[in-house]
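Notes to accompany the following structure.
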Amino acid sequence: MTQSPDPLLQLPPDCLHGALRLISYMLGEARSATDADDVLTRMAGLIRAGGVPLDRATSIVPLLHGALERSQTDEVVDLCAGGSGPWLRLEQEYRDATGAPLSVTLTDRYPNLEAMRFARQHSDDRLAFHPEPVDAMDVPPSLGGLRTLFNAFHHFRPDQARALLQDAADKGRGVAIFDGTDKRLLGVLMVMFAPLGVLFLTPLIRPFKLSRLFFTYLLPLIPFVVWFDGIVSVLRTYSVPELEALVAGVQGDHQWQAGALPIGGGVNITYLIGTPR
Ligand SMILES: C[S@@+](CC[C@H](N)C(=O)[O-])C[C@H]1O[C@@H](n2cnc3c(N)ncnc32)[C@H](O)[C@@H]1O
């Protein structure tokens with residue numbers, strides 16, 4: 001389990017998201033601020049439109065395969081991995097669909113070691129993790145392979161997002177970014193109704209906690225946090241033109257490709273892939 005004596009010390013630079021992590025921590029849903037982030041991600045991922053699409057991981061396998069081939073590697077370094085995101089399923093689906101080998105290392109600036117050990121164990125040791133903090137804007141050169149980000153790029157302000165892309169270009173690494181939140185009307189509408197999902201799903205969440213029922217039905221802080229986190233994430237998601245504007249400011253010889261991948265139900269995954277030429 002990640003030790004966190006003071007959750008305030010662990011907050012990421014993104015204050016909005018940090019505040020949400022703190023609320024989750026205070027609600028007792030998590031034992032540390034990093035866990036709190038994971039709880040939020042898991043709840044939001046389960047319930048809101050933004051998280052659900054990345055569970056349909058098959059759609060992105062061809063893009064991932066192409067990015068790995070162009071980067072001439074079969075290694076992935078997943079940045080901002082949180083509780084491992086889609087990898088437990090995606091790693092399996094990638095190998096089934098392509099027959100190609102794949103080695104994945106999960107990393108995070110605030111590594112949730114408990115969640116990462118869980119992922120390693122439930123993937124029969126195929127998902128590895130890096131136990132030391134890894135900043136997505138300054139990845140150690142020893143971590144080779146294609147860099148991936150799932151549902152995390154919207155946390156980076158434009159200057160930080162550019163720094164993240166520039167770091168990949170400077171170190172000659174490919175980078176593949178996928179965001180499952182959808183800024184268009186349907187995505188926003190789906191997030192608006194996410195609190196209803198919380199109301200229906202809360203009795204099913206284990207382990208059972210009286211405090212969770214209290215903060216869901218009597219003082220509905222948890223539905224509010226899920227709603228707020230969902231709306232903020234959706235509104236901060238970079239659109240394809242915004243992604244293109246970001247890469248215009250990146251120096252180097254990377255080849256960039258930005259797009260929106262329809263994955264059914266009228267929802268898109270936005271992606272940005274950069275590979276060395
Ligand atoms: C939305 S969460 C996890 C998303 C996860 N990939 C998924 O699909 O569920 C974003 C993660 O980014 C991490 N993070 C925030 N700033 C970071 C940075 N500069 N470098 C690396 N990780 C960072 C947080 O600790 C958090 O775990």
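Values quoted throughout were computed directly from the atomic coordinates according to the rules given, and no laboratory measurement underlies them. Model, not experiment: these values are computed from the prediction. For neighbour counting, all protein chains shown are included, and Cβ atoms are generated from backbone atoms with ideal geometry for every residue, glycine included.
Using 0.36 nm per residue, how much length does the chain from ALA248 to ARG126 gain when fully extended, once their Cα-Cα distance is taken away?
The ALA248-ARG126 span can extend by a further 40.3 nm.
Can you pull the one-decimal nm distance between simple spin-label points at ASP159 and SER239, each 7 Å off the Cα toward Cβ?
Each label point lies 7 Å from its Cα, and together they span 2.4 nm.
On full extension of the chain, what length is gained from ALA97 through ARG277, given 0.36 nm per residue of separation minus the C-alpha to C-alpha distance?
Here the answer is 62.2 nm.
Equivalent-ellipsoid semi-axes (√(5λ), Cα gyration tensor) for region 204-277, whole Å, largest first?
On the way: eigenvalues 306, 37, 31 Å².
The three semi-axes for region 204-277 are 39, 14, 12 Å.
How large is ³J(HN,Hα) for each residue in region 234-243, as worked out from phi by the Karplus curve 6.51 cos²θ - 1.76 cosθ + 1.60 (θ = phi - 60°), to whole Hz, x for Gly and Pro?
Residue by residue, region 234-243 yields 5, 5, 8, 4, 6, 7, 4, x, 5, 5 Hz.
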